[in-house]
Structures are given as structure tokens and as C-alpha cells.
Amino acid sequence: MNNKLFTFLLLVVAVTIISCDKDNFEPPKSVLSGRLTYKGDSIGVEYNQVPFNLFQPGFGRIGAITGTFTPEGTYQVLTFDGDYKFTIPKNQGPFLWKELTSNSRDTLIVSLKGAQTVDIEVIPFYMIRKPNFTQSSGKVNASFDIEKIVTDANAKNIQTISLFINKTQFVSNQTNEKLAQADIVGTTITNFSNLNMSVTIPTLPTPNEKYVFARIGVRIVGVEDWIYSPIRKIAL
Amino acid sequence: MKKLLITMIILLIGTQSCKTDKEFLDVPPLSILTTEIVFSDPALALSVLGDLYNRAVDFTSLKTGWASFVEFSEAFPSDGSTVSTTTWDYGTWGLYEYGYIRDINLFIERLDASNALNAADKARFTAEARFLRAQYYFEMVKRMGGVPLITKSLIYENGAAITTFQFPRAKESEVYDFVINEAEAIKGLLPSSSLQKSRATAAAALAMECRAALYAGSIARYGVKSPLVTLPNGEVGIPSNRAAGYYTIALNSAKAIINGSVGDYKLYTATPDLAENFAAIFYDKSASNKETIFIEDFKAFAGKTHQFTTQTQPFAQSEEAANSDAGRLNPSLNLVEAFEKLDNTYAPIGTRDDKGNPIYYTNMQDAFAGRDARLAGTIILPDALFKGKKVDIWAGYVLADGKIVSAANSSVLQTLPGTASAVQVVGADGPVDGLAFRTQTGFYIRKYLDPTPQSGTRGRGSDLAFIRYRLGEVLLNAAEAAFELGDLGTANLYFNQLRARAGLTTPFALTSANGFDRIVHERRVELVFEGHTFFDTKRWRIANDVWDGTKMTVADLVANIGVATKRNTQPFGLYPYKLHSPGNPNHGKWTYREVLPGRVTGALTFRNGNYYSQIANSLILSNPKLVRQPNQ
């Protein structure tokens, strides 16, 4: 009996000694995070639609860590310390990014060491200013201003402005992220300040939950991604 | 005795050890055919070519099964598998397989090096391999845009720089030019016979050239509608000034097939019943079928069959065990509505009159009467015949007050009000919302469905051929190319020739105003489920209008039929109900309702980044010269 116990203990000790950590890699620990901004103001986008690429040069092979921005315009990457280059693929996002030549884009150099916040400064075509949501008699009303940011040769017109409501925090033009919407056609807009919209709240799938989420989206002519206001929870 | 044994051993050793080691060890392998042997015998070389034929890739294919036919709202999958998706990944439909290209290149080089084969065999085999290579590059360029053009095998020698094996993408137009030039170069080396269908012929080469030139022409012409879908060096996108040149090539190569210069090709008209005739194009493999040009053939009891019929046959007539496999592919009402009436006008299937009251039909088929014969030839409608038996498609009884009596399946009986005994209240073939293997749209597919007995069993399988090129498409290509070149007379000639075969005998005049919509529509109804819908929608750059991610209503569904950019994001169904209202003159008659199957929760969204499938990051890692696709 003693002999058996001794063998067992020996085994335990042996395993402990042998299983050193040589073959185990350290998991990545450094968190790189941030948000899309224009002069400090956040830019909202659609969930999973605006991608970014994070390159780490110097290892001979060129491949990107890819991810997408959240609806609030934030991003987060868990990776190793090192020097990275951050960029957004061409024609993605409702904003301008500095172009170098016709087929290469500027990159943002990030020296990552531990947790770090890097906000991505871009030039959106438009900004939705002072969005204000209220609820009255079965309707969500929104008032806001639109500021045209890009006014040079790259300027683009507004195709539509829409007010969306949804039951979840995911609110966008995507078909499963809206319960109802109201639209203003871009060509009918004469004044960008004090715009008002309202949308009737439809019969909710969960009538006991007395709230909806709302946000305003701007669709720009010739740009695939919409630009969105922050999401607001509205109590009913 | 012992002595004898020893003598024997000595003798044996003596005789055997006379051989040198080299002679003794150098035994030709019995299980491997060397390159020299293979390329000295035409039968062996042909079997290598047979392997290359087998590995050709199609967008929809009977080999890969029903699921490759079901997408894009033209049909509903009975298991509900794809109808909850909203967006496609950028990598969807990608094709980038140079192993196949290398094998073809090696085959061509080894044929060339062989002295034992006769010149005629060598010429034909080489032309066939070049055809397959061009066909594959065509398949790649449709999905990926410009890809590296590799036309000889690459050999790595120790120490060679890896960069010499990294090739940049060719321009999209260069790949199309390659396909066109190869077709021109090999058409004279291939046989000209309409009886040769499963191997490349001159007509197959011309049909490929015609389709490729048409695709390139439309990308050049309609690329301006999607300015974001281009790359500055032309890997994606073709300059618009090249459109006319491509359309001319497409028209000329189509004419060469139509005028009979490369074999006796005719539209299939063997059967007087026009719907049956249209269905027979796909199941008649006899010499009387002069419409098919190039097919992927199958052969029962010989190891090459497919399960398409097993998986899509009407449930109640399934030749497999109950509930194991049937009815997976249900054409949508969206598609059914697209088949026009015999007077060349569009109309939805009548379900309600102007005042909103239900329309009642004495016979179920009356609702579909007076339409393009291709409707019943492509789709099994309620109460239609398959293999001489009527399909049993109806969703239940509707009572005088509008209430519906139905059941979970046809074996659950119900008692109708005012009657004593329980009766069947839903068709044995469906539809019941959510019940797999029966139709859930009210329709079954007929195109490519094999009427041969036992072809719906797993054991035998079906040996219907997949048609890669047929004269019907060539006529439409010619009509489209002529239309785009402004030659309306020629366009109308070919356009109406094809329509007359479907029973639309009143000639329709294409004009510059209606022509585009009409050609888009005609290709849809003629070529649906043949692998064209997706690429056609892409090359006209209307995919982001057709699949715009917005859910549809019944009002959307029945409006604007025949408009090229009509939304088609969700597959609808049409459920037949029988009126139970004794005393009512309509008692026992049929009425229809449009239904969105419950599992359809998504709405298809085609993004700009979907026009060209993603080149995987791993590929760009190993070849940094590859340019990324736009919008990804």
C-alpha cells in the first residue's frame, strides 16, 4: 500500500517537474481600443459593416488583423505588444480617409505596449448634431441638425435621412435591426438645422417591455455605409 | 537428405547472386503508371483528360446537389437553411484553385512532349485541355475578377527565389480576352458535331466565347452604374469603350453556332406539349436533342450518378423511404409570377379581384392557365402530373367565414363543420409551413427532375445530364448582344425565335426603351436554375437593387413584374385552399393565397463588396502582389 502511494506521489512530482511551460505560448494580453471620432465627437455606424485592418510589418508576411466597428463606432483588439499600422479599407465607412496614391491609403502607426486607447480621427461627410428624442402619443419624435463637413470636391449629397426604432440596441437600416422607420428624401431638404422627424411605434413583439431604441441615420449618395447618431433608449 | 538440401541452397544462392544488386532491386512498379506510359497510349491519355473533365467547376451543379440551385429567392429550401441569412460574407462564391490549372498545364506539356501518340489525338486532346483551362479561368474571372494567368507549369528548383512564383492579378479584361482568344484558337481543332456533347466541340468553344464576350461587354457597359466596384489598374472593371467590341464578338460567335457552321444545332421541339417539351430538353439525352451543346453527363449503374431527383422529387411520390429525402427545392412565387401571359403581358397569379374578394377556380390549374409554357415546364404546379401521377398540393379548407381548417400533415384527419366523417385536410405533398421535405411554397421543381423509374432512389440515382451550354442560351446571348449594339432587327429575330418555342407566338418588338428589362426577364424565365441568375444579375450591376436588404410585402411582390431592378429579397409561396361552404355556388372550388413561409426571416443584402469574392488573406500573405478586391 505504502509502495503504491509512493509511486503515485513520485508520478505527481514527475509530472509537475516535466510539464514546464516551454511549449505553452503566452496568450495576448494587450488591449487596443478606441472609437471613430471627428474632432472628439463619436461617429456611429452599422454593426459589422465597417471593417478595419491592423497590420504588423516586419515579419515578412503581410496579413491583417481584421475587425469591424460596433454601432457606437468603437473597436477593440486583443493582441501582442508591437508596432502596428491601422487602416480602413477603401470605400468603407461613411467618411474620408487620407489617400496616398490611387491604390494605397494612409496608415496610423500604433506602438502598442499594454492597454492603449487610440481614437481614429476621420472626416465624415456629415455629422448629426444635437439629436434629441422624445416620445408622445405612440410616436417617437426626433429633432436634430445636420452639419455638412466635407464641402470640397469630395462632397456628396444626402440620399435619405431616416429615423429608425428597434427593440434591441442594434438599430440600423438592416432589415432585422429596425421595427419601423421614417424617411426624408435628401433632395427635399432645404435647411440643415432644426430638422424634425417622427415615426409611429408599431405593435411591439414584447409589449411588457416598455422601451424602444431609436437612432437617426444618414444615407449619402454613392456611399454604401450610413452614418448614424448615438442610440437612445426611449421609455414608453 | 541433408546433403541434398545443402546442395539446393548453394545452387539457389549461386544462381541468384549472379545478378547485380541494381538488376535485382530495379523492379518496375506494378501499381503506378509512369508519365511515359500514360502518354504513349491514347486510351490512358484520355482517362487523364477524363479526370480533368470531372474536375470542372460549375456554379450550380448536379454533383454538388440541390443546395447550389436554391439561392437568390428563386426558390425556398424545404429545410429552411438559407432563408434566415441577410448578408453574404465577402468570401462567398470564391474560387481560386491553381492545382487544377497546374494539372491542365502539365497535361498539355506532356502531350506535347510525347512522341508515341499520333498527331490527330494530340491535337484534339490539347484543344480539349485548353478548352477546360479557358472554361476554368472564365469561372474564376466571373467570381474573382482578374486573376493571375498561368499557362505553363511552374517548377521549383532548390534555391530559386520565391518571388518568381508570385504573379500579380491580370486585368479583368485580359482574362476575358484570354478565354475569347483560346476559344478562337481551338475551335478548328475540335470536332464539329451536335452528337458529341460531353466532350468539347467547336460549338462548345464558341458558346463559351459567346458567353464570355457577353459578360465582358456588359461589365464594360454597366460598370458605370457601380463606380465603387473598380480597381485603378483594371483587375476589376472594364473600360466602357470596349463594350461594343465585346458585344460584336458575342454576336458573331453566336451566329456561327446558330447558322449551323459548327454542327447541326436546333431548338428542341420533339414533343407537341410545349411544357413537356421544355422539361424534356433536360431529360432527353437521345440524338434527337439537338439543343444541348456541352453537358456534364452521368451514367446509371456505371458509377457516375447524382441524387438531385432523390432530393427534390415530390414527397408523396418519393421513391425513397418516407421522410428521408424529397422535395427540398421549392420554387418561389416570385419566380412563378415572372412567367408572362400568352399575350406578352405580365400579370400576377389571380388571388383576389378588384374589390378584394377571393377568386375561385373550378380546377386548380385554371389559375395558371394561358401562360408561358416554360412555367409548367420548369415548375410542378399544384395538381400537375409528374411521372403520370398528380401531385397533391393544397394547404387546407377555407370555410365560409374565412377560417382555415388544416392539419400538421395529410394523415391527420379533421371533421369539417356540417359533416360527419373526418377527411384529409391538407395535401400529401404539402404545403404545411415548416414541414420539411414537402413543398413549403406550393411548388416543386421540374427542371432537371428525372422521370425515369427508380431515379429517385439513393441506390440507383439519376443520370440526367447537367447542361452547361445550350442553343436556347446562345439565342438569348445573340439577342442581347445585338440589342446592345443597337441592331434591334437581329435582336428581335433571335428573341422571338426562342419565345415561339415556349408558346409565345405573337412576336414581341424589343425597343431601346423596353429592351433591357425584357432581356433580363427572358433570361430569368428561360435559364432559371441553370446557374445564370447570379452572374447575370452581377454583370448588369443590378444585384444591389434586386437584393437590397429590404423585406417584401405581397403588394411589392405583385407589382412591377418584369422590371429588371425589381426587389427579390424573400421567397414567397402560393397556398391553394378549397372552399367548404355547402350551398355557396363556389363550394368545392379553389382559391389561392400568397404566403411568406415562416422560416423566411432574412432579406437578402448584396453589398458592393459582394460583386467580386474575397481573395483570402492567406493567399495575399503568400503572394503580396495580389491586389485586394474593392469594398472589402
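Applying the criterion of being facing chain A (nearest Cβ under 10 Å) and of a type in the set (Val, Ile, Thr) to the residues of the range B:593-605, the residue that is farthest from A:Gln56 (Cα to Cα) is B:Thr601. If you filter the range B:395-433 down to residues that are part of a strand (DSSP E or B) and among the hydrophobic types (A, V, I, L, M, F, W, C), you find that the one that is farthest from B:Arg599 (Cα to Cα) is B:Ala422. Taken together, A:Ile227, A:Ile201, A:Ile189 contain a single residue that is assigned by TED's automatic domain parsing to the domain that holds A:Lys156, under 25 Å from the mean Cα position of the chain (by Cα) and of a type in the set (A, V, I, L, M), which is A:Ile227.
Of all the criteria given as (1) under 30 Å from the mean Cα position of the chain (by Cα); (2) over 20 Å from B:Thr92 (Cβ atoms); (3) within 10 Å of another protein chain (Cβ to nearest Cβ); (4) of a type in the set (Ser, Thr, Tyr), the one not satisfied by B:Tyr575 is (3).
Scanning the range A:94-107 for any residue that is within 14 Å of chain B (Cβ to nearest Cβ), free of Cβ contacts under 8 Å to residues at least 40 places away in the same chain and under 18 Å from A:Gly44 (Cβ atoms) turns up at least one such residue. Residues in the range B:578-595 that are of a type in the set (Ser, Thr, Tyr) and either crowded, with 22+ Cβ neighbours inside 10 Å or not in a strand (DSSP E or B) (or both): 2 in all. Checked against the criterion of being free of Cβ contacts under 8 Å to residues at least 40 places away in the same chain and over 30 Å from B:Lys122 (Cα atoms), the candidates B:Val224, B:Val236, B:Val175, B:Val229 yield just one match: B:Val224. The residue list A:Thr151, A:Thr168 contains one member that is free of Cβ contacts under 8 Å to residues at least 12 places away in the same chain and either of a type outside the set (A, V, I, L, M, F, W, C) or surrounded by 14 or more Cβ atoms within 10 Å (Cβ to Cβ) (or both), which is A:Thr151. Filter the range B:606-618 down to the residues that are more than 7 Å from chain A (Cβ to nearest Cβ) and of a type outside the set (A, V, I, L, M, F, W, C) and list them by number. The answer is B:Gly609, B:Asn610, B:Tyr611, B:Tyr612, B:Ser613, B:Gln614, B:Ser618. Applying the condition of being away from chain B (no Cβ under 14 Å) and not in a loop (DSSP other than H, G, I, E, B) to the range A:167-191 and asking which residue is farthest from B:Thr605 (Cα to Cα) yields A:Thr188. Considering the conditions (1) farther than 21 Å from A:Phe170 by Cβ; (2) aromatic (Phe, Trp, Tyr); (3) free of Cβ contacts under 8 Å to residues at least 40 places away in the same chain, A:Phe69 is excluded by exactly one of them, (1). Could you check how many residues of the range A:204-221 are outside any strand (DSSP E or B) and either within 14 Å of chain B (Cβ to nearest Cβ) or under 21 Å from the mean Cα position of the chain (by Cα) (or both)? Total meeting the criteria: 2. For the range A:32-78, the set of residues classified as in contact with a helix residue (DSSP H, G or I) (Cβ under 9 Å, 6 or more places away or on another chain) and hydrophobic (A, V, I, L, M, F, W, C) consists of A:Ile62, A:Ala64, listed by residue number. Here B:Ser581 meets each of (1) of a type outside the set (A, V, I, L, M); (2) on the phi > 0 side of the Ramachandran plot; (3) touching a His at 6+ places or on another chain (Cβ under 6 Å) with one exception, condition (2). In the set (1) within 23 Å of B:Tyr611 (Cα to Cα); (2) buried (at least 16 other Cβ atoms within 10 Å of the Cβ), B:Gly80 fails one condition alone, (1).
Within the range B:376-402, residues that are closer than 19 Å to B:Glu74 by Cβ reach partners that are acidic (Asp, Glu) and surrounded by 16 or more Cβ atoms within 10 Å (Cβ to Cβ) with beta carbons closer than 6 Å, at six or more positions or on different chains, in the pairs B:Ile393/B:Asp429. When each of B:Ala250, B:Ala244, B:Ala220 is tested for being farther than 30 Å from B:Ile380 by Cα, aliphatic (A, V, I, L, M), touching a Pro at 6+ places or on another chain (Cβ under 8 Å) and part of a helix (DSSP H, G or I), the lone residue that passes is B:Ala220.
Here A:Phe80 passes the criteria (1) free of Cβ contacts under 8 Å to residues at least 40 places away in the same chain; (2) loosely packed, with under 15 Cβ neighbours inside 10 Å; (3) not small (Gly, Ala, Ser) except the one numbered (1). Can you confirm whether B:Leu449 is touching a residue at least 24 places away in the same chain (Cβ under 8 Å) and either in a helix (DSSP H, G or I) or farther than 24 Å from B:Pro576 by Cβ (or both)? Considered against the rule, which asks whether it is touching a residue at least 24 places away in the same chain (Cβ under 8 Å) and either in a helix (DSSP H, G or I) or farther than 24 Å from B:Pro576 by Cβ (or both), B:Leu449 comes out as no.
Here is a yes/no grid of residues against (1) small (Gly, Ala, Ser); (2) surrounded by fewer than 16 Cβ atoms within 10 Å (Cβ to Cβ):
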site: B:Gly370; (1), (2): yes, yes
site: B:Asp392; (1), (2): no, no
site: B:Ala395; (1), (2): yes, no
site: B:Ser410; (1), (2): yes, no
site: B:Val426; (1), (2): no, no
site: B:Ala436; (1), (2): yes, no
site: B:Thr439; (1), (2): no, no
site: B:Gly442; (1), (2): yes, no
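Would you check which residues across the range B:205-248 are among the small types (Gly, Ala, Ser), within 14 Å of chain A (Cβ to nearest Cβ) and surrounded by fewer than 24 Cβ atoms within 10 Å (Cβ to Cβ) and list them? Residues satisfying the conditions are B:Ser226, B:Gly234. Count of the range B:293-309 residues, restricted to those that are in a strand (DSSP E or B) and aromatic (Phe, Trp, Tyr), is 1. Filtering the range B:293-307 to residues that are more than 18 Å from B:Ala56 (Cα to Cα) and surrounded by 19 or more Cβ atoms within 10 Å (Cβ to Cβ) leaves only B:Gln307. Just so you know, in the range B:277-292 the residues that are of a type in the set (S, T, N, Q) and not in a helix (DSSP H, G or I) include one that is surrounded by the fewest Cβ atoms within 10 Å (Cβ to Cβ), and it is B:Ser286. Could you tell me whether the range B:552-564 includes any residue that is without any contact (Cβ under 8 Å) to a residue 12 or more places away in the chain, under 30 Å from B:Gly80 (Cβ atoms) and within 14 Å of chain A (Cβ to nearest Cβ)? Yes; the residues of the range B:552-564 include at least one that is without any contact (Cβ under 8 Å) to a residue 12 or more places away in the chain, under 30 Å from B:Gly80 (Cβ atoms) and within 14 Å of chain A (Cβ to nearest Cβ).
The values are calculated or read from the model by the stated rules, or taken from the named source; none is laboratory data. Quick caveat, the model's predicted, so the values are computed rather than measured. So basically every Cβ, Gly included, is an ideal-geometry build from the backbone, and we count neighbours across all protein chains shown.
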